[in-house]
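To start, the structure under review is shown below, and the notes come after it.
No lab work stands behind these numbers, since they all come straight from the coordinates. Predicted model only: the values in this text are computed from it and were never measured. Neighbour counts are summed over all protein chains in view; Cβ atoms, including those assigned to glycine, are modelled from backbone coordinates with ideal geometry.
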Amino acid sequence: MVEAVRGAGVVVTGAGGGIGAALARRFAAEGARVVVNDLDADRAKAVAEEIGGTAVPGDASAIIADAREALGGTVDVYCANAGVGSGGSEAADESVWALAWDVNVMAHVRAAHALIPDWLERGSGRFVSTVSAAGLLTMIGAAPYSVTKHGAYAFAEWLSLTYRHRGIKVHAVCPQGVRTDMLDATGSAGDLVLRPTAIEPRDVADALFAGMAEDRFLILPHPEVAGYYQARAGDPDRWLATMNHIQQKWEAAG
Ligand SMILES: NC(=O)c1ccc[n+]([C@@H]2O[C@H](COP(=O)([O-])OP(=O)(O)OC[C@H]3O[C@@H](n4cnc5c(N)ncnc54)[C@H](O)[C@@H]3O)[C@@H](O)[C@H]2O)c1
């Protein structure tokens, strides 16, 4: 139970389905007033109706003013959850890289730009970033996703270290596979590395609430990721060799 959530004004982007919808449901169940954002207006409206929230459809990069109005002037918690799966290599089209930067990183930067002045004035505010274990490690076959999720993690980390003494709390949520449309779209690479240990979207919401109760920055719905992250930092070449074995296994599976 996170007491500060009752009555709080909460925004969840990309909440028309998947992890975002699970976060929106959980915040509403804990007594928050929730703005449900998604590019897909119908899905945003359906979730908002279900939980008694307000739909603010559109690009996550440009909704703060409308969300604030819907919440009576103040956003207390902002969940930067909308993301794009963007697979491919260095040869992925520039437009694929640009979209990944825009949604997975710049939408977070723009939201923070709009929210931080008010949060500093009030001495409180909570920024929840749905990053990914790919932001700490990597994702086979998905360079734009891996690189931009590292960016999202770095930005969340920067926000946290810069503003934590001024009342702003930041959480970076870094799951591996979660059973959503995005996991379905990862194809054979996802089947190999994500699906075997995939969890449900509500498990991510549970992990976030457990982490918020302890004011923990790094939230790992798959606890084993902590060991992989340590292994990567402790011996990069060994870690890369292990990942390359997985890459070769994926190539062999065709
Ligand atoms: N599913 C996984 O295995 C997994 C693992 C780790 C991290 N994540 C991250 O979790 C977040 C949610 O993903 P999901 O798995 O629920 O995927 P999903 O595809 O089910 O949901 C993503 C939602 O974001 C919306 N969206 C996309 N671009 C948007 C934009 N510009 N503005 C507003 N909404 C937009 C989509 O319409 C969709 O409803 C993403 O950031 C993703 O990278 C997912």
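At full extension, D206 and D66 could sit 47.6 nm farther apart than now, given 0.36 nm per residue minus the alpha carbon distance.
Across the alpha-carbon set of the chain, the Rg to Rh ratio works out to 0.96, Rh being the Kirkwood radius. The equivalent ellipsoid that matches the C-alpha gyration tensor of the stretch 124-202 spans semi-axes of 27, 14, 8 angstrom, in descending order. If one computes the Cα centroid of the stretch 168-195 and of the stretch 74-97, what distance in Å separates the two points? The stretch 168-195 and the stretch 74-97 have Cα centres spaced 13 Å from each other.
By other beta-carbon atoms within 10 Å, ranking F155, F209 with the fewest at the front produces F209, F155.
Residues whose amide H comes within less than 5 Å of that of V128, counting only those at least five positions distant or on another chain, are Y78, C79, A80, H171 (H built at 1.01 Å from N in the peptide plane).
For the stretch 158-234, how big is the tail of P(r) above 14 Å, as a whole percent of Cα pairs? Value for the stretch 158-234 (Cα pairs over 14 Å): 67 percent. The Cα-based radius of gyration and maximum Cα-Cα distance (Dmax) for the stretch 1-51 are 10.1, 31 Å. Peptides 121-134, 214-227 ranked from most to least packed give 121-134, 214-227, packing being the mean of other C-beta atoms within 10 angstrom over each peptide's residues. Set the Förster distance to 25 Å, then compute FRET efficiency between A98 and D184 from the Cβ-Cβ distance, nearest 0.05. Working from the Cβ atoms, E equals 0.55. Secondary structure note: in the chain, about 0% of the DSSP beta bridges are antiparallel. For A55, the residues whose amide H sits under 5 Å from its own are V36, ignoring neighbours fewer than 5 places away on the same chain, with H placed 1.01 Å from N. Shape analysis of the stretch 1-119 yields a ratio of the Cα radius of gyration to the Kirkwood radius, Rg/Rh, of 1.01.
Extension gain, H245 to L120: 0.36 nm times the residue separation minus the Cα-Cα distance gives 40.3 nm.
Here the chain is assigned +1 on the Cβ of each Lys and Arg and -1 on the Cβ of each Asp and Glu. Its dipole about the Cα centre then comes out at about 600 debye.
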